[in-house]
Amino acid sequence: MSRLTYRHTIAASYLGYITQAIVNNLAPLLFVTFMSEFSLTLEQITMMTTVNFAVQLLVDLLSAKLVDRIGYRVSIVAAHVLAVLGLSGMAILPGILPPMTGLMIAVVLYAIGGGMIEVLISPIVEACPTEGKSAAMSLLHSFYCWGHVALVLLSTLFFAAFGTANWRVLTLLWMIVPIANAVYFSFVPLYPIVPEEAQQMPMKRMLTSRVFWLLMVMMVCAGASEQAMSQWASTFAEDGLHITKTMGDLLGPCAFAVTMGTARALYGKFADKLPLRTAMIASSILCIMCYIVASQSGNALAALLGCALCGFSVGIFWPGTFSLTSAAYPKGGTAMFGILAVLGDVGCSVGPALMGAVSGAVSGNAKIAASFPNLTADQLGLKSGMLFSAVFPAFILIGVLLLTRFHKSANKK
């Protein structure tokens, strides 16, 4: 095993993000099946998503101190084991317990594993002795996208060949990924997150820095920019082009994930030729334009193209903000990455929620609706919410420009 190098560590980290994509996105593919087979209500299905998010957020908050005590290897292997237990529980527990109880136990188990993976993987890769840190981080995060795309496509093929009645078999097959990666992580080399000769920076000190607060706001906006579009892309595809739900998912969320993964992979390859801040400024401007085109275009195909290109534009927001923070605070340690994960998840929740709130407010206002007779109230509300969401990439643009200004001021001193 001595032949294993940091390249194997990075490969295991890629599989870690694929594991997270599986535990986050497999259950939503089965929601209709759960409702039919177990006679669950829409409120109960919604509760599964809510609990998954809440548990992962709680794990983000609590895992930093625990990880520093028990170590990264034990923690990352345990995260994958919990993912395995959650997936196996989803297949087995509803048959031996009340279905909703069994499903909720499974959700909690894999949510703990997914939350730990989110906190652990980025610092593990950041600690590897690679030259291009931002490139490695961008390429790493692309594997969540590829994992999501592979999950949707392979699961769709499985259902087409064997039917949705065999969903338990599919769930157990997807367990192979976290099982294999738990073994892999048991042997790959792990490197000190904070150099051994250096002392980890106290969180209180970081929280007194205006740069860190700016980066925290950018992290929230990174999650919001990504999910505000991702959560509504399928609706845009269906309403704009009047296509089936399956094609709406493929041309909406799936196309979004493909373009987002492509952006991260491309930056991972060409990062040495394009400075991260320059890339993020260009991506912010493109993202603002995509939200405007998607919301204001009268052409359905152009609106769909805006949704897809938005995935490309948000691609480096999340890993880029991680890299900017790591560069500014190299001694930040596990707690810093935990805070970033929490704020990113907050943004993922806040973005779609605010867009929905704006959409609902506009669609329910009869005076505003009367000014746009060519649109239904729902269409007008959705377009308004989409246009409002351009504020998230606008904040990222402002944040990067302010970081550049702070950097120049520091260099003059």
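The values are calculated or read from the model by the stated rules, or taken from the named source; none is laboratory data. Here the structure is a predicted model, which means the values were calculated and not measured. Every residue, glycine as well, gets a Cβ built from its backbone with ideal geometry; the counts of neighbours run over all protein chains shown. Side chains included, ligands, DNA and RNA excluded: accessible areas come from the protein's heavy atoms. Shrake-Rupley method; radii C 1.70, N 1.55, O 1.52, S 1.80 Å.
Using +1 on the beta carbon of Lys and Arg, -1 on that of Asp and Glu, and nothing else charged, what's the dipole of the chain about the Cα centre, debye to 20? Don't skip to the answer; put the middle values down first.
Working: 22 positive and 16 negative charges, 262 e Å.
Result for the chain is approximately 1260 debye, rounded to the nearest 20.
What do you get for Rg/Rh of segment 269-398 when both radii come from the Cα atoms and Rh is the Kirkwood radius?
1.07
Once you have the alpha carbon radius of gyration of segment 1-153, what is it after dividing by 2.2 N^0.38 Å, with N set to its residue count? All intermediate terms of the calculation are to be shown ahead of the outcome.
Working: Rg = 16.7 Å, N = 153, 2.2 N^0.38 = 14.9 Å.
Cα Rg divided by the expected 2.2 N^0.38 Å: 1.12.
Looking at ILE316, GLY147, PHE212, which one has the Cα that reaches farthest to the positive end of the dipole of the chain (charges on Cβ: Lys, Arg +1; Asp, Glu -1)?
PHE212
For the chain, list log₁₀ I(q)/I(0) at each q in 0.08, 0.12, 0.14 Å⁻¹, using the Debye formula over Cα point scatterers of equal strength and ignoring solvent, two decimals each.
After summing over all Cα pairs, the log10 values are -0.44, -0.99, -1.33.
Using the Cα centre of the chain as origin and beta-carbon charges of +1 (Lys, Arg) and -1 (Asp, Glu), tell me which of MET47, ALA106, TYR17 is placed farthest towards the positive end of the dipole.
TYR17
With a Förster radius of 41 Å, plug the Cβ-Cβ distance of ASN299 and MET47 into 1/(1 + (r/R0)^6) and report the FRET value to the nearest 0.05.
E between ASN299 and MET47, to the nearest 0.05, is 0.60.
Can you list which of the DSSP-assigned H helices in the chain have a Cα extent of 27 Å or more along the long axis and an average Kyte-Doolittle score of at least 1.6?
Values: long enough: 6-29 (34 Å, 0.42); 42-70 (41 Å, 0.91); 72-96 (35 Å, 1.65); 99-127 (42 Å, 1.63); 133-162 (43 Å, 1.30); 210-230 (30 Å, 1.15); 276-296 (30 Å, 1.50); 333-363 (46 Å, 1.42); 391-412 (32 Å, 1.00).
Qualifying helices, which must be both long enough and hydrophobic enough, are 72-96, 99-127.
Roughly speaking, what is the stretch gain from HIS8 to ASP272, that is 0.36 nm per residue apart minus the C-alpha to C-alpha distance, in nm to one decimal?
92.8 nm
Mean residue ellipticity at 222 nm from the helices of the chain, using -39,500 (n - 2.57) per DSSP H segment of n ≥ 4 over the full residue count, to the nearest 500 deg cm²/dmol?
Theoretical 222 nm ellipticity from helices: -27000 deg cm²/dmol.
Enumerate the whole-percent occupancy of each 10 Å bin, from 0 to the last occupied one, for all C-alpha pair distances of segment 73-162.
For segment 73-162, the pair-distance distribution reads 15, 31, 35, 14, 4, 0.
With every protein chain in place, what's the accessible area of SER371 (1.4 Å probe, Å², nearest 10)?
80
Using a 1.4 angstrom probe on the protein heavy atoms only, line up TRP167, TRP146 by accessible area, largest first.
So, going from the largest accessible area down, we get TRP146, TRP167.
Do any cysteines of the chain lack a neighbour Cys whose Cβ is under 4.7 Å away, and which are they?
Lacking a cysteine Cβ partner under 4.7 Å: CYS128, CYS145, CYS221, CYS254, CYS287, CYS307, CYS348.
Quick one, can you get me the convex hull of the C-alpha atoms of segment 252-335 expressed as volume per residue in Å³?
Values: hull volume 9.0 nm³, N = 84.
Per-residue hull volume (Cα only) is 107 Å³.
Per 0.36 nm of contour for each residue apart, how much would the distance between ILE70 and ILE92 grow if the chain were fully extended, relative to their Cα-Cα spacing?
Length difference between fully extended and current span is 4.9 nm.
For segment 114-148 and segment 300-321, what is the centre-to-centre distance using only Cα atoms, to the nearest Å?
Value for the Cα centre distance between the two parts: 20 Å.
Which one, ILE316, ILE288, ILE368, has the greatest fluctuation when you compute a Gaussian network model over the chain with C-alpha springs under 10 angstrom?
ILE368
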